[in-house]
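Chemist: Okay, handing you the structure first.
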Amino acid sequence: MLVTHAPPSRLLSTLLYHGSRVLSSSHSHTTTLLFSLPPTPSLSNPFFSHSRRFNLVPMNAQNPSAVDSSPEHDSGDWYSAPEIRLRDHRFTVPLDYSQGLHSSPKVSVFAREVVAVGKEEQTLPYLLFLQGGPGFECSRPTESSGWIQKACEEFRIILMDQRGTGLSTPLTVSSMSQFKSADELADFLKHFRADNIVKDAEFIRVRLVPDAGPWTILGQSYGGFCAVTYLSFAPEGLKQALLTGGIPPIGDGCTADAVYKACFEQVINQNEKYYKRYPEDVKIVQELVNYLAEQEGGGVALPSGGILTPRGLQTLGLSGLGSGAGFERMHYMFERVWDPTLVVGAPKRISYYFLSSFEKWLGFDTNPLYAILHESIYCQGSPSRWSANRIRNAGEDKFDAVRAAREGRPVLFTGETIFPWMFDEIHALKQFKDVAHILAEKEDWSRLYDIQVLNKNKVPVAAAVYYDDLYVNFKLSMETASQIAGIRPWITNEFMHSGLRDGGGKVLDHLLGMLNGKKPLF
């Protein structure tokens, strides 16, 4: 277990400052605190408008372990896990960078620094890790292993919880209940996409890296999307970029329709592979779907208060079909789907074990931001209008679970898709139904990519492109790769989308080798 340190009491009381307005619900109030900050010079980066001003407080170049403190940056002491040393940083950043540092409401961004034991004082290049998502925090390292162990050989790693996640002003089921209306929350949430995540990264870089120098970024999945936004708008902050399963579609408007059309095809392929591996599950799933459809209300109650319906059951494919060991985990869940008959004549029932496992696997109760913002990651100036739902409904009933079960066909699980009815059936999401609909119809989403800049890219980029990726379509990834000058893609079917996690240090080692000359160009 990691030894953690509590944040300073000042930050505990000021994680969220929302202008001069006090956020409240019928049960609680959050105190507003104004910051008094020194005058600041502006950055030359055109990504930040003339009104966006920052205080450059770079780390001591001679002693990387000595961090200068400021009203915008608090650093903790070093602590230990097996074979690594860690240190916590908290930054106070603008919610809306366009308003400037002083005028904007503030949020907190948390970053954990990781080095190999004994390297705390060494001058090392920095590597920023951008987590997958949207709406998920960085994992908490418990030891030196996997890609972190490999990266620690030569880098000082920064694990940044993207705004709204982990310890970065977390937007949870409870914290978001402070907003009085769905419109207020929607206006707040528009600031939690890749463009502002990149601005947060730049805010941190100029304060943390010695002499505000460039750093390497490693983007996994949605973190790769953020990395391409970084390449578009702040390439001068980058030494090199590594992408793993994370090359986004970059076209104008909303690219979600193209994404889901392509991804539904791959979902069908993964379903076929699953049932070939576990053919006995065809009848088990059919029986379960028929049971759910015959219940009053079309499903059974979940432990949290939601409802499990046939279409809800299909969402197990979100994790089960696309990650390492996902097939096995899903199969073992179905092994224990029914309660045993202990008393003669007792009615057949789905086991509590299965229902609880179903909810825990989805994770919407702990990370609701994923569901609320998911389709918006594909939007530039156009609404998504529940793209996945529209594409699914046009799919000639291939994903009609009840019909498939009654006709004796395998029931198809769905992939990385969020549907409007989930905000009725999943208890943790019910209170966000209105805001989800507002965001689905929002048209004025900011730009996330600049194709002209990407066409002239000078930053060395290497990308692991997984041929059988369920979440980030191979064909669409390669179309975007053709628009990023100098990118070196590594195309492989050795790993699934979770290759960075599953492959130990192999994936990172391969990508670094592509950029440092250890891997031939052809």
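The values are calculated or read from the model by the stated rules, or taken from the named source; none is laboratory data. The shown structure was predicted, so the numbers you read here are calculated from the model rather than taken from an experiment. Neighbour counts are summed over all protein chains in view; Cβ atoms, including those assigned to glycine, are modelled from backbone coordinates with ideal geometry. All accessible areas refer to the heavy atoms of the entire protein, side chains included, with ligands and DNA or RNA removed. Shrake-Rupley method; radii C 1.70, N 1.55, O 1.52, S 1.80 Å.
Chemist: Compute the FRET efficiency between Met478 and Glu120 as 1/(1 + (r/R0)^6), taking r as their Cβ-Cβ distance and R0 = 35 Å, and round to the nearest 0.05.
Modeler: So, using R0 = 35 Å, E works out to roughly 0.25.
Chemist: Please list, short to long, the whole-number percent of alpha-carbon pairs of the stretch 314-374 in consecutive 10 angstrom bins beginning at zero.
Modeler: All Cα pairs considered, the percentages come to 19, 42, 26, 11, 2.
Chemist: Additional query: Would you calculate a helix-derived [θ] at 222 nm for the chain, using -39,500 (n - 2.57) for each DSSP H run of n ≥ 4 and dividing by the full residue count, to the nearest 500?
Modeler: Value at 222 nm, helices only, nearest 500: -9000 deg cm²/dmol.
Chemist: Further question on the same structure: Report the semi-axes of the equivalent ellipsoid for the stretch 433-521 in whole Å, largest first, where each axis is √(5λ) for an eigenvalue λ of the Cα gyration tensor.
Modeler: One finds semi-axes of 29, 20, 11 Å for the stretch 433-521.
Chemist: Starting from the stretch 410-450, pick out the chymotrypsin sites (Phe, Trp or Tyr not before Pro) whose DSSP state is loop and whose Cβ has at most 14 other Cβ atoms within 10 Å. Please report the intermediate quantities before stating the final value.
Modeler: On the way: sites: Phe413, Trp421, Phe423, Phe432, Trp445, Tyr449; in loops: Phe413, Trp421, Trp445, Tyr449.
Those satisfying the criteria are Trp421.
Chemist: Expressed in whole Å with the largest first, what are the equivalent ellipsoid semi-axes of the stretch 241-354 derived from the C-alpha gyration tensor as the square root of 5 times each eigenvalue?
Modeler: 33, 17, 13
Chemist: Where does each of Met160, Met478 land when they are ordered by accessible area, with a 1.4 Å probe and the largest first?
Modeler: Sorted descending by solvent-accessible area, the residues read Met478, Met160.
Chemist: Counting DSSP beta bridges with both partners in the chain, what percentage is antiparallel, nearest 5?
Modeler: So the antiparallel bridges in the chain amount to around 55 percent.
Chemist: For the chain, would you read off the P(r) tail past 38 Å as a percentage of all alpha carbon pairs?
Modeler: 29 percent
Chemist: Compute the projected area of the convex hull of the Cα atoms of the stretch 157-259, averaged over all viewing directions, and report it in nm² to one decimal place.
Modeler: Values: hull surface 32.1 nm².
Here the figure is 8.0 nm², rounded to one decimal.
Chemist: How big is D, in µm² s⁻¹, for the stretch 75-203 by Stokes-Einstein at 37 °C and 0.692 mPa s if Rh is the Kirkwood radius over C-alpha pairs?
Modeler: Value of D from the Cα-based Kirkwood radius: 207 µm²/s.
Chemist: Here are some pairs, Lys276/Lys398; Lys261/Lys430; Lys150/Lys475; which of them have Cα atoms lying more than 21 Å apart in this structure?
Modeler: Pairs exceeding the cut-off: Lys261/Lys430; Lys150/Lys475.
Chemist: What relative contact order, as a whole-number percentage, does the stretch 234-391 give when Cα pairs under 8 Å and 6 or more residues apart are counted?
Modeler: Normalised by residue count, the contact order of the stretch 234-391 is 31 percent.
Chemist: Leaving ligands, DNA and RNA out of it, report the carbon-plus-sulfur percent of the accessible area of the stretch 354-419 at a 1.4 Å probe.
Modeler: Answer for the stretch 354-419: carbon and sulfur cover 45 percent of the accessible area.
Chemist: Over the chain, calculate the relative contact order: mean separation of alpha carbon pairs under 8 Å at least 6 apart, over the residue count, as a percent.
Modeler: 16 percent
Chemist: Between Ser80 and Gln452, 0.36 nm times their residue separation minus their Cα-Cα distance comes to what?
Modeler: 129.5 nm
Chemist: Within 10 Å of each candidate Cβ there may be at most 15 other Cβ atoms; applying that plus a DSSP loop requirement, which GluC sites (Glu not before Pro) in the stretch 336-406 survive? Could you put the intermediate results ahead of the total?
Modeler: On the way: sites: Glu359, Glu375, Glu396; in loops: Glu396.
In loop regions of the stretch 336-406 (DSSP not H, G, I, E or B), the sparsely surrounded GluC sites (Glu not before Pro) are Glu396.
Chemist: Would you work out what percent of the accessible area of the stretch 205-336, with all protein chains in place, is carbon or sulfur (probe 1.4 Å)?
Modeler: Answer for the stretch 205-336: carbon and sulfur cover 49 percent of the accessible area.
Chemist: Send over the Kirkwood Rh of the stretch 208-293, from the inverse of the averaged 1/r over different Cα pairs, rounded to one decimal Å. Kindly include the intermediate steps, with their values, before the conclusion.
Modeler: Working: mean 1/r = 0.0603 Å⁻¹.
When all Cα pairs of the stretch 208-293 are included, the Kirkwood radius is 16.6 Å.
Chemist: For the stretch 94-174, give the percent of accessible area contributed by carbon and sulfur heavy atoms, probe 1.4 Å, rounded to a whole number.
Modeler: 49 percent
Chemist: Counting only heavy atoms of the protein chains, get the accessible area per residue of the chain (1.4 Å probe) and round it to a whole Å² value.
Modeler: 41 Å²
Chemist: Take the Cα gyration tensor of the stretch 346-402, multiply each eigenvalue by 5, square-root it, and list the three semi-axes largest first, rounded to whole angstrom.
Modeler: Ellipsoid semi-axes (Å, largest first): 31, 20, 6.
Chemist: Averaging sequence separations of C-alpha pairs under 8 Å and six or more residues apart, then dividing by the length of the stretch 315-381, give the relative contact order as a whole percent.
Modeler: 25 percent
Chemist: Rounded to the nearest 10 Å², what accessible area does His89 show when all protein chains are kept and the probe is 1.4 Å?
Modeler: 0 Å²
Chemist: List the trypsin sites (Lys or Arg not before Pro) in the stretch 409-500 that DSSP assigns to loop (not H, G, I, E or B) and whose Cβ has at most 15 other Cβ atoms within 10 Å. Which are they?
Modeler: Arg447, Lys456, Lys458
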